[in-house]
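Quick note: the coordinates plus some simple rules give every number you see, no bench work behind them. Computed from a predicted structure; not experimentally measured. Cβ coordinates were reconstructed from backbone atoms using ideal geometry, including for glycine residues, and neighbour counts include every protein chain displayed.
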Amino acid sequence: MRKLATRTQESTASVDGIIERLGQSSQDALSIVQKTTAATDANIDGVKSSSDAIEQLQQSLSIIEQQAASISSSANEQSQTCMTIKDSVSSVSNIAVHNNEVINQCSQQQEILLQQVAHLKASLIKFKLESHPQA
């Protein structure tokens, strides 16, 4: 009987040790689960922050795209305006060249007319002298 009592006592001690180890393992597992939960919560917060940052970045890119389109449109308008001004300046230049040619022709005609007037004047003086000789 003593042997049985000793064995029972040893078995009870062994079961107590196993129960204690299971309790400790459960505590360790609970601690790991709590740490994992905290880490997961932190990761979820990080993912939310990243998602918010990506959304803000997309909004900023959309705004930049709209501004680039506006700048491009303005540049095209300015280019068209510059072409219109260039055409106007070219037209004014052509008119100025034509006017200069007309002025040169007028000047040449004036010179011819002055020569003809001088010739007529000389002829008139000669005619007067021949018609009324001085005695």
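Observations on the model:
- Electrostatic dipole magnitude of the chain [Cβ: Lys, Arg +1; Asp, Glu -1; Cα centre; debye, to 20]: 220
- Modelled spin-label separation between M1 and I32, with each label point placed 7 Å from Cα along the Cα-to-Cβ direction: 4.7 nm.
- Of the two radii for the chain, the radius of gyration is 2.05 times the Kirkwood radius, both from the alpha carbons; that is the Rg over Rh value.
- Cα radius of gyration and Dmax for the range 8-63 (Å): 23.8, 81
- Positive minus negative residues near K48 (Lys, Arg vs Asp, Glu; Cβ under 13 Å): -4
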